[in-house]
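Taking it in order: structure first as structure tokens, then the write-up.
Coordinate-derived values only; no laboratory data. Treat the numbers as computed from the prediction; the structure is a model and nothing was measured. Note that each Cβ is placed from the backbone with ideal geometry, even for glycine, and that neighbours are counted across all protein chains shown.
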Amino acid sequence: MAKRLRSLRPPAVAQPENPSRALRLLGSVIAPTTVLTGLLFFFGRQHANWLLDYFGVPLSTMGLTAQDYLVRSADGLFAPVAVVMAAMLALLWLYRFLRARLADAAWQRLLRVATPVAVGCGLAGVTVAAVGVVRPEAFASSYSVPGAGLSLGVLFLVSASRLLAARAGRALPPPVATAEWLAAFALVSVGLFWAVADYSASVGVGRALQIEAGLAAPPEAVLYSAKSLNLTAPGVRETACRNPDAAYHYRYTGLKLILQSGGQYFLLPVQWQKADGTAVVLPRTDALRLEFTAAADPDAPC
């Protein structure tokens, strides 16, 4: 009889998972990945914009794609990201090591010392960001410092909040913890984009200076065209081909290919100068042909 009564009981209904916990678990994976991808794209675009702007070429003329921006982000951004991720991983490992090795009394003493230190570092970082907003000229030599200060300051303050909760021996209510996580994530993201915007300008202009310094180095681009392009920049020489049956009737030497993307060629004269230099942007069509050589002879027949 007892067995029959047990069999007639309704099955236990599974309790729904806490939505706050599910939201945090979802955000812990998707949100950082989205921000990292956005940072790579943003850095690559700003990097290209500042590099092209140095030579007087608008970014919109090159038709760069999202893939171009992501690839370009490897120039200067991967190293700082790797350093930051390695530092965060080291801190997490240190936390786990100390928590496992220290007794409860020693751990509480460590928390009492670490909490005010985290608060002080957090307030210092936020103060730097505030100064960067009110007086940006104070960071004229490194505009990325205020953004980095905001991100680090918020992280330290969140860490202090968690340390206080650990000392009290009770966790924050799920809604409060979720709100704290969302606010901190938003502020850290703003700080990262702020820092990347200024850092990308520095890297982009730096690469432009390297390109300018290496214009005279091989290889040199030899441009063939079906029609005269009337290129009159210093150091660029036009040679009319004598063969009337040739597919390309004009030859240009003294050029350097800088970038090819979006169906466009971006070339610079090897004698280009910032003061009065002319950049050349040509569509990639069948009417043009490029050859590359270690040393082009401007007097050679075509």
Item to check | Segments 236-248, 191-203, 85-97 sorted - mean Cβ within 10 Å per residue, highest first | outcome: 191-203, 236-248, 85-97
Checklist entry - According to the Cα gyration tensor, what semi-axes, each the square root of 5 times an eigenvalue, does the equivalent ellipsoid of region 28-141 have, listed from largest to smallest in whole Å? => result 40, 21, 10
Checklist entry - Which Cα, out of LEU94, ALA216, PHE139, lies furthest along the positive dipole direction of the chain (beta carbon charges, K/R +1, D/E -1)? => result LEU94
Checklist entry - Can you tell which of ALA105, ALA177, LEU59 lies farthest toward the positive end of the dipole of region 19-213, using +1 and -1 charges on the Cβ of basic and acidic side chains (Lys, Arg; Asp, Glu)? => result ALA105
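Using the alpha carbons of region 220-293, what is the convex hull volume per residue in cubic angstrom, as a whole number?
Details: hull volume 6.2 nm³, N = 74.
It is 84 Å³ per residue.
Which whole-number percent is the relative contact order of the chain (Cα, under 8 Å, 6+ apart)?
Working: 387 pairs, mean separation 54.3, N = 302.
Answer for the chain is 18 percent.
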Next on the checklist: Using only the alpha carbons of the chain, what is the convex hull's orientation-averaged projected area in square nanometres?
Outcome noted: 28.5
Checklist entry - Which value, in debye to the nearest 20, gives the size of the charge dipole of region 220-293 about its Cα centre, when Lys and Arg are +1 and Asp and Glu are -1 at the Cβ? => result 40
